[in-house]
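Q: Dropping a structure here in C-alpha cells format, bear with me for questions.
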Amino acid sequence: MAERPRLAVIGAGPAGLAAALAAAARGVHVTLVDSAAEPGGQFYRQPAPGLRARRPQALHHQWRTWERLRGGLDAHLAAGGVTHLSDHHVWCVERESAGLTVHALLGPDQERPAAVHADAVLLATGGYEKVLPFPGWTLPGVVTAGGAQAMLKGGLVLPGRRAVVAGSGPLLLPVATGLAAAGAEVAALVESADPKDFVRRTRALAAQPAKLAEGAGYAAALLRHRIPVRTRHTVVAAHGGERLEAVSVAALDAEGRPVPGTERRIACDTLAVGHGMLPHTDLAEGLGCRLDGPNVHVDDEQRTDVPGVWAAGEATGIGGAALSLAEGHIAGRSIAARLAGTEPDPRAWAPAARARTRTRAFFAALEGAYAPPARWAEQVTDGTLVCRCEEVTAGAVRRAVGELGAGDLRTVKLLTRAGMGWCQGRMCAPGVAGVAGCELAPGRRLLARPVPLGVLATQAADAPDEDTSAQ
Amino acid sequence: MTNRLCDVVVVGAGMVGAACALYAARAGLDVVVVDRGPVAGGTTGAGEGNLLVSDKELGPELELALLSGRLWTDLAEELGTAIEYEPKGGVVVSATSEGLTALTELAAAQRAAGVETVSVDSDRLRDLEPYLAPGLAGGVLYPQDAQVMPTLAAAHLLRASGARLETGRTVTGVLRGPDGAVRGVTTDRGDLYAPAVVNAAGTWGGEVAGLAGVHLPVLPRRGFVLVTEPLPRRVRHKVYAADYVADVASDSAALQTSPVVEGTAAGPVLIGASRERVGFDRSFSLPVIRALAAGATRLFPFLERVRAMRTYLGFRPYMPDHLPAVGPDPRVPGLFHACGHEGAGIGLATGTGHLIAQVLGGRAPDLDLAPFRPDRFAKEAAS
Ligand SMILES: Cc1cc2nc3c(=O)[nH]c(=O)nc-3n(C[C@H](O)[C@H](O)[C@H](O)COP(=O)(O)OP(=O)(O)OC[C@H]3O[C@@H](n4cnc5c(N)ncnc54)[C@H](O)[C@@H]3O)c2cc1C
Ligand SMILES: Cc1cc2nc3c(=O)[nH]c(=O)nc-3n(C[C@H](O)[C@H](O)[C@H](O)COP(=O)(O)OP(=O)(O)OC[C@H]3O[C@@H](n4cnc5c(N)ncnc54)[C@H](O)[C@@H]3O)c2cc1C
C-alpha cells in the first residue's frame, strides 16, 4: 500500500477535531497536536479526568455534538488513522522543500523538543480573550470571563462567592449563568452594549434561530438565577486593598462616556471581565500567511495563501463553536482531496458552507453590536498599569506618544517596554493600543512559545521525531 | 526664498536623522524633521544599540567611530539615563590560537589608531565574564565599546534638538530651483520650503536620492536578533567571537551569524545579529535563528536552558563599499546625505550628525569627507 498522505492539525478544538475526522475518514493520516491534556479546545474544555465531574453536561452546551466528535475521534485513534499528541506546545511551523515540519515543546515544562513532519498543516489554534484595562483591573480577584469559565469547566473550582460579570460580548451570558449554576451569587451582569443595537441588526440575528434560542435559553437562566442585568453600563473601577472588594459601575451616555452621578458601588470578591476574543495568529504569521485585519486570511476551501497550509475556526475570525465546526469540516475535506491530487467538489460540503455563511453574517452583526464603550480609554487613569508583565502605566504610554513621537504599537513598545514581557503583548496589546490611540497591529510574534536556546541550537534533523507513521 | 519654512529639512526620524537634527539645531539652524512613520519606525527600531569601535578595521569608518564615541560620551552626560547609555566595554574572544593571533594583530593596529585595547589571557577571561565557555584561547577587551537603546536615543535626541517633528508625512519629491539648487521637499501633506535637505532615510536613502534625480546605491542587508527571557546580569560586556569582524566586512551575500551576546539593563540577553542579503524579505527563517542560538550557546553554555522570548528582524542600509554616504551632494546644491551606515548606524550617528551640521553651517568638517562622498559610485560616471 502506498504511504498515506500526512496532515498535521494544530489545535484540538471544534475546528481541529472536525477537520481531523473529515480528513481521516478520507484516508489521510492525521496527527492532532494540542497543548492541552485532553482534546476539546475552549468550548469542550474537559474536566480533568481525576476530578470525576458528576454531571459535566450541566456545564456544557451542545454536549451531544461533543459526544459525537469524541466518539469519532476515539474510533480513529483506535484504528490508527489519527494520532493525538497532547501537551505539545507548537512554537513554529517550518516550510521546507520536502514539506512542513511542526516544532513543539513537550509537557508542562515545555523543554523537550518534538517534530512532526506532514504534507499539509491545518492551523486550528482558536482565539484568546481580549481584556481592556481599567483602574484596579490588576487586583487579585479580577479574572477574565473565559478564565472563570475555564475554571468552572476544567477545574470545577468556584472562583468566588459573590461575582460581577462585566465587559461586552456573547461570552458573558454563559459565564454568568455558569457561575450562578455552580453556586455563586452573581451580583450583576454589566454589558456595555446597547440592546437597541441588536434590534437594528435583527435581520442577520433572526436568520439564526438556533443562536437566538441559545440566547433565549440564557435569558431564562438569568431570570431563574435572579441575575440583575445592566446594559449600557460599564465597570469604571475595581476597588480593594489586598484583593478585590467592590467595583464601581456607571451608566454610559450616547458617546460611550460614563454619565456623572450614575456611579454605584457593588461589593464582590470576583470580577469576571471580557471584551471579546482575538484570533491566535502567531504560527500563521511565522509562516508568512496573509492576514485580514486580525484574522488569518482563507479562501472558500479554508486555504491560506501559503501552499500546504489551511486554517479554520477562530484563528480565521471569531464566530463560535458552530462556525469552527463547519470550517473545520470544509478544511478536512479540501485537504483530503488536495493531498490525493484531486480538485475538491464544493458541492460535497454545501451544508457546511451554508452554515458557515449564515454564522459569519450573524457574528458580523453581533460584533457591530457588542463593542467596548467608544471612550473606554479615557477612563484609564495615568497611574493604571496597562502592561502587567513590564509594569508600564497608562501615563508612560501617553508620554511616549505625546512627547517622544511614538505613533504605532511597535514604537510605543520600544519606548516603554509595554508588551515585551512574558505575554509578549498578547494580553496588553489591545489596551496599550487604545490608550496610545493607535491601531492594534498584528504582533509578528515569530516564536509562538518561548523556546530554550539549547533546543533552537539543535538542528532540526537532530530533534526527536514523533512516531506518527500510519502502520 | 519668500515662504521659507526653516533652514533645513531632515528626511528620516531614525537615529541618524535625530543626530543630524540635534547637532544642526545646536549650531543655530532651524530644523524640521519629516518621517513617513513614527520616530524610529525604520531600521533604528529593528536593530540593536551597540556603539562599537572593536569591530572596525583601520580606515575612515574607524575614525568616524572614534569621533562618534567621544560625542556619545558627551551626550551621555545630559541624556545618559534616558537613552540607557552603558559604557560597558566589549570582549572579543577567540577559540583558536590562530584566531587569537589575528585578533591580537588587529588590536595592535587599532591601538595605533587611538583605540584602547587590553589583551586578556585565556585564564583571565573568566574574571571578566564568569559564564564564558571554558577552553577559549584568549581575547581582547575594548573599554570604549558602549551601548544605547536605539529607539529611546532617537526619540530623546529629537526632543533635545527642539526641531519640529512631522511624523506620518511622506516625502514625495525634492523641490529644485531654476539653478538646480534644492528649495525644499514635497510631501503627501503639502510642501516644505528650505534651502537645505538632509537625506537621512536609511535603507530607503536611495529612493530619496532618486527623488532629487541622483543615484545612490543603498541596499538592504537583513538581520535577525534573538531576545531571551529576563535574567539576573550574567553577561557583563558585549561578547563576541573574533570571526564577527570578518563577517561585518564580508562582501558575501550568504548568511553570516557570529553573534554578539550581551545582557541588558532590563534583564533579557540580546543575541544578534545575522547578516544576509535577501532583499526586503520579511519572512521568518528558522535556520538563521538556529545559527544565532548555536553561536550564543557556544560562547555561553548556560544559555542552553534559557528561553528565547522573541525574535525580530530589520534591514541594514548598506552601500557596496560598506561606508556610509555623508556630506553634500556635488550634483545637487543644497542636498546632503547621511545614510547607508549598514550595521553601525546607531554608533556612527553622532559623528555623522556633527559633520553634517558643520558642512550645513559652511564650516570645515572635523574629518575628511572624501571617502564618504555620495557620488563615489561608478554608475554616475557612466550616466
Ligand atoms: C468562556 C467561553 C464560553 C463560550 N461559550 C460559547 C457558547 O456558549 N456558544 C458558542 O458557540 N461558543 C462559545 N464559546 C466559543 C467557543 O469556545 C469557540 O468558538 C470554539 O471553541 C472555537 O473553536 P476552535 O476550534 O476554533 O478553537 P479552540 O476551541 O480555541 O481550540 C484551539 C485549540 O488550539 C490549541 N492551541 C492553540 N495554539 C496552540 C499552539 N501553539 N500549540 C498547541 N496547541 C495550540 C489550544 O490549546 C486549543 O485547544 C465560548 C468560549 C469561551 C472561552
Ligand atoms: C538586526 C540589526 C542589528 C543592528 N545592530 C546595530 C548595532 O548594534 N549598532 C549599530 O550601530 N547599528 C546596528 N544596526 C544598524 C542600525 O540599526 C542602522 O544603521 C540605523 O538604524 C540606521 O539609522 P537611520 O536613521 O539611517 O535609518 P532608519 O532608522 O531606517 O530611519 C530612516 C527613516 O526614514 C524614513 N523614510 C524613508 N523614506 C521616507 C520618505 N520618502 N519620506 C519620509 N520618511 C522616509 C523611514 O520611515 C525611517 O524612519 C543594526 C541593524 C539591524 C537590522
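Q: Starting from residues that are open to solvent by 20 Å² or more (accessible area, probe 1.4 Å) and within 16 Å of B:PRO230 (Cβ to Cβ), keep the ones in segment B:289-318 and report whichever is nearest to the other protein chains (Cβ to nearest Cβ).
A: Only one residue tops the list, namely B:ARG307.
Q: Mind listing whichever residues of segment A:316-369 are in contact with a Pro (Cβ under 7 Å, 6 or more places away or on another chain), surrounded by 20 or more Cβ atoms within 10 Å (Cβ to Cβ) and not assigned by TED's automatic domain parsing to the domain that holds A:THR304?
A: A:LEU366
Okay, residues lined up against (1) farther than 29 Å from A:THR138 by Cα; (2) near ligand 1 (Cβ under 10 Å from one of its atoms); (3) open to solvent by 10 Å² or more (accessible area, probe 1.4 Å):
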position: A:VAL259; (1), (2), (3): no, no, yes
position: A:ARG265; (1), (2), (3): no, no, yes
position: A:GLY274; (1), (2), (3): no, yes, no
position: A:ALA284; (1), (2), (3): yes, no, no
position: A:GLY288; (1), (2), (3): yes, no, yes
position: A:HIS297; (1), (2), (3): yes, no, yes
position: A:GLU301; (1), (2), (3): yes, no, yes
position: A:ASP305; (1), (2), (3): yes, no, yes
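Q: Count, please, the residues in segment B:165-186 that happen to be away from ligand 2 (no atom under 12 Å from the Cβ) and within 11 Å of another protein chain (Cβ to nearest Cβ).
A: The number of residues fulfilling the criteria is 0.
Q: Turning to a different aspect of this structure: Output the strands (runs of 3 or more DSSP E) that fall wholly within segment B:160-206 and possess 3 or more residues being among the β-branched types (Val, Ile, Thr), or say none.
A: Details: elements: B:164-166, B:171-176, B:182-187, B:190-193, B:196-199.
Qualifying strands (runs of 3 or more DSSP E): B:171-176, B:182-187.
Q: Can you tell me which of A:ARG45, A:ARG68, A:ARG64 is at pLDDT below 85, away from ligand 2 (no atom under 16 Å from the Cβ), in a helix (DSSP H, G or I) and open to solvent by 60 Å² or more (accessible area, probe 1.4 Å)?
A: Unique residue meeting the criteria: A:ARG64.
Q: Looking only at residues in segment B:54-77 that are open to solvent by 10 Å² or more (accessible area, probe 1.4 Å) and of a type in the set (A, V, I, L, M, F, W, C), which one is farthest from B:ALA107 (Cα to Cα)?
A: Among residues in segment B:54-77 that are open to solvent by 10 Å² or more (accessible area, probe 1.4 Å) and of a type in the set (A, V, I, L, M, F, W, C), the one farthest from B:ALA107 (Cα to Cα) is B:ALA76.
Q: Select the strands (runs of 3 or more DSSP E) contained entirely in segment B:269-383, then report the ones holding at least 3 residues which are closer than 29 Å to B:ALA242 by Cβ.
A: The qualifying strands (runs of 3 or more DSSP E) are B:307-318.
Q: Would you be able to say whether some residue in segment B:109-117 is small (Gly, Ala, Ser) and in contact (Cβ under 8 Å) with a residue 60 or more places away in the chain? Don't jump to the end; show me each part of the working.
A: The first filter runs over segment B:109-117 and keeps only residues small (Gly, Ala, Ser), leaving B:109, B:112-114.
If we keep only those that are in contact (Cβ under 8 Å) with a residue 60 or more places away in the chain too, we end up with none.
No, segment B:109-117 contains no residue that is small (Gly, Ala, Ser) and in contact (Cβ under 8 Å) with a residue 60 or more places away in the chain.
Q: When segment B:345-383 is examined, which residues are found to be hydrophobic (A, V, I, L, M, F, W, C) and touching a strand residue (DSSP E or B) at 6+ places or on another chain (Cβ under 8 Å)?
A: Hits for segment B:345-383 are B:ILE346, B:LEU355, B:ILE356, B:VAL359, B:LEU360, B:LEU369, B:PHE372.
Q: Restricting to segment B:319-340, and then to whatever is of a type outside the set (Gly, Ala, Ser) and open to solvent by less than 10 Å² (accessible area, probe 1.4 Å), can you tell me which residue is nearest to the other protein chains (Cβ to nearest Cβ)? Step through it out loud before you land on a result.
A: Here is the first cut: in segment B:319-340, the ones of a type outside the set (Gly, Ala, Ser) are B:319-324, B:326, B:328-333, B:335-337, B:339.
With open to solvent by less than 10 Å² (accessible area, probe 1.4 Å) added as a condition, the list becomes B:319, B:324, B:326, B:329, B:332, B:335, B:337, B:339.
Numbers: B:MET319: 26, B:PRO324: 23, B:VAL326: 24, B:ASP329: 27, B:VAL332: 28, B:LEU335: 25, B:HIS337: 23, B:CYS339: 20 Å.
Once the filter is applied, the top-ranked residue is B:CYS339.
Q: Another one. What do you reckon, is A:ALA284 modelled with pLDDT of 95 or more and not assigned by TED's automatic domain parsing to the domain that holds A:GLY425?
A: Yes; evaluated as a whole, the condition is true for this residue.
Q: Further question on the same structure: Just one of B:GLY80, B:GLY89 is away from ligand 2 (no atom under 11 Å from the Cβ), open to solvent by less than 30 Å² (accessible area, probe 1.4 Å) and free of Cβ contacts under 8 Å to residues at least 12 places away in the same chain; which is it?
A: B:GLY80
The values are calculated or read from the model by the stated rules, or taken from the named source; none is laboratory data. Since this is a predicted model, take the numbers as computed values, not measurements. With ideal geometry, Cβ positions are generated from the backbone for all residues, glycine too; neighbour counts draw on all protein chains shown. Areas reflect the complete protein model, heavy atoms only, side chains present, ligands, DNA and RNA absent. Shrake-Rupley method; radii C 1.70, N 1.55, O 1.52, S 1.80 Å.
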